[in-house]
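Right, one structure below, let's go through it.
Laboratory data are not the source of any read-out in this text; all were calculated from the coordinates shown. All values derive from a computational prediction rather than experimental measurement. Glycine also receives a Cβ, built like all others from the backbone with ideal geometry; neighbour counts cover every protein chain displayed.
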Amino acid sequence: MAYGIWMRSLHQADACNKVNHLPEPQRCQYVKETADCMDNMYLINYLTWHYCHVDSRNKFNAFWSMLAMAVVATYIFWMMQKSVRAYFCPTLKVLADTFSMNENVAGVTLLTIANGSSDLFTAIAGMLVFSKWGFLMSMAQTLFQQTFVAGLVMLTRPFHVEPGYFLRDFGFLFLNTTFMDFIHKRESGITKLGAIPGALIYLAHVLVAVMDQRLLEARVHQLQKTENSELQAEQLEELMRQADLGVHREKIDRSAARRRGGANRQLLQQFWASIFRFDKDQFRRGSLFVRFYLLIKEPMEMLLRLLVPVVDVEKPDYGWSKLLCCLQFIIAPTYIFFILLKDVSLLGTAAYIMTFYVMLPLGCLIFWRTRTDTTPKFFRFTAILGFISVIFLIFFLTSEVMAMFFTIGTIWHMSQSFVMATAICWGLNAGDLVAGIALARQGFPRMAFAATFSSPVFGTFVNLALPLALETTVRSVANAFPVEEGSFGETVCIFVEVSLVISLMSALTTNFQMRRACGMLLVAYYLFFLAVLVLLETDVIHAYGVDI
């Protein structure tokens, strides 16, 4: 849902925010019948709730309606934080270690693609249609990632970044921003020669990052063979620190000596211990508030443990549970297809129900061929299923946040430019924010920081560069495709370029020590940007590019 549907809905004749211009009795019917309103809702229809079940003429009732949405948003962010911390981060760590990636490459590739998966899915579903809001949205996401998310990562855990990695990632993001700014300012429009290079920037970024790691590994192997001095030993230690992700795999014992009893020995006990991890000691020692918190979070966490397969190579037996694994191979693909194709039917049966029938024999086969006391060899590859599962779970939660922000923007009758630069941007990047903070807290701040450079490049690649390339090469018959930045777009772009200069100066003046002071500066800069947007929305000041 999210960005792709929002973009398509902006081209429709009946925009949802017109509901505020209608008489009160007509508003409920309007939000039920207007495609723009319905397409931007997901599981819960917040618009119907507000305009059909709340007397919005009464400010007191309207206030409680908005407060209820804020409570739901808080709960969704809580679920997202739990999902990222307990499932996304361990799975990402396992995959990065499996593919021999260091923190920087994992941030540029795995973390970036995972964070941008919702943009990718919805853009493909929307046939990569170009929108006049694409430039504003790309710049707003870049600013949010590069200032607010990066700043909070530094505040969570200060770290040292390798100068070469920082300058490389900075260079690609700066190139991406300035190139898009340049081609959008061309009065003659964008040609093929202008659009195609923009679509290659992220691909080049990934290629260079992978080549950097391969060169690093080659240098490590060379020093290991020729190490004959204290200086070379120090260089080797430093390079190995850069190349190593720091994951310590537990050894799996599959010898016959471990096999005691039948294949299903203590099956239910193992399953219950895997999904029910209630902290009884904390419950006994905690206050009334702590006990209430533990009671309300456990059902939600049990549901997440059932939905998302986790392979934690730092735990004994990688966290293997036979019955849980069998159920997850059936449940996870089923709910993935529910999220993707909940309205699609095959032969009169819902696509996700068909998926359940298809995966059921596989779950039975796993149950028949495995033991409770021995971790099977295929189990480590379950991390791929877990990675996909948690991505779609975050996509689902992000879609709900997007629907809620869309509702708030409609109720407050904000301009589309303001909503795109604030609420929609926050909703789209909520997963990136939570993932970045969670990774920093778990000891991987460099990975999270690298993603704050590459995620905006990937977002521009999906939401702006690819649609422009298709418009200029396939869909448009004209030699040049006309585009414009818009007043808000040019303003946000200037703030992005200034923020990049601030990031560069922060790194250079601290010898690439990403301190909390740097994080505070970036967060404060983003808050200043929000204040400017509010002044623009209320016409107190003028945007860049607007004649006074």
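In table form, for the structure just shown:
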quantity: Backbone HN-Hα couplings from phi across region 148-158 [Karplus 6.51/-1.76/1.60, Hz, Gly and Pro as x]; calculated: 6, 5, 4, x, 5, 4, 5, 5, 6, 8, x
quantity: Residues with amide H under 5 Å from that of Phe481, placed H, sequence gap 5 or more; calculated: Ile190, Thr191
quantity: Point-to-point label distance, Ala263-His21, nm (Cα→Cβ direction, 7 Å offset); calculated: 6.8 nm
quantity: Computed helical MRE - 222 nm, the chain, DSSP H runs ≥ 4 contributing -39500 (n - 2.57), nearest 500; calculated: -21000 deg cm²/dmol
quantity: Debye, to nearest 20: dipole size of the chain, +1 on Lys, Arg Cβ, -1 on Asp, Glu Cβ; calculated: 2240 debye
quantity: Per the chain, cysteines lacking a partner by the 4.7 Å Cβ criterion; calculated: Cys89, Cys325, Cys326, Cys364, Cys425, Cys493, Cys518
quantity: Extension gain from Phe292 to Tyr357, taking 0.36 nm per residue of separation minus the Cα-Cα distance; calculated: 19.5 nm
quantity: Sites Ala350 and Thr178, calculated FRET efficiency, Cβ-Cβ separation with R0 51 Å, nearest 0.05; calculated: 0.60
quantity: Computed over the chain: relative contact order in percent, which uses C-alpha pairs under 8 Å that are six or more apart; calculated: 34 percent
quantity: Set of lysines with alpha-carbon distance to Lys192 below 26 Å, sequence-local pairs under 8 removed; calculated: Lys132
quantity: Expected-Rg normalisation [2.2 N^0.38 Å, Cα atoms] applied to region 405-548; calculated: 1.23
quantity: Cα-projected label distance for Trp368 with Trp64, points at 7 Å along beta-carbon direction, nm; calculated: 5.8 nm
quantity: Glu217 paired with Leu508, simple spin-label distance in nm, labels 7 Å along Cα-to-beta-carbon; calculated: 3.4 nm
quantity: Exceeding the 20 Å Cα-Cα cut-off - candidates Lys280/Lys322; Lys251/Lys315; Lys322/Lys342; Lys82/Lys377; Lys18/Lys185; calculated: Lys280/Lys322; Lys322/Lys342; Lys82/Lys377; Lys18/Lys185
quantity: Of (i) 40, 25, 22; (ii) 39, 33, 23; (iii) 97, 39, 22, the label for semi-axes √(5λ) of the Cα gyration tensor in Å derived from the coordinates; calculated: (ii)
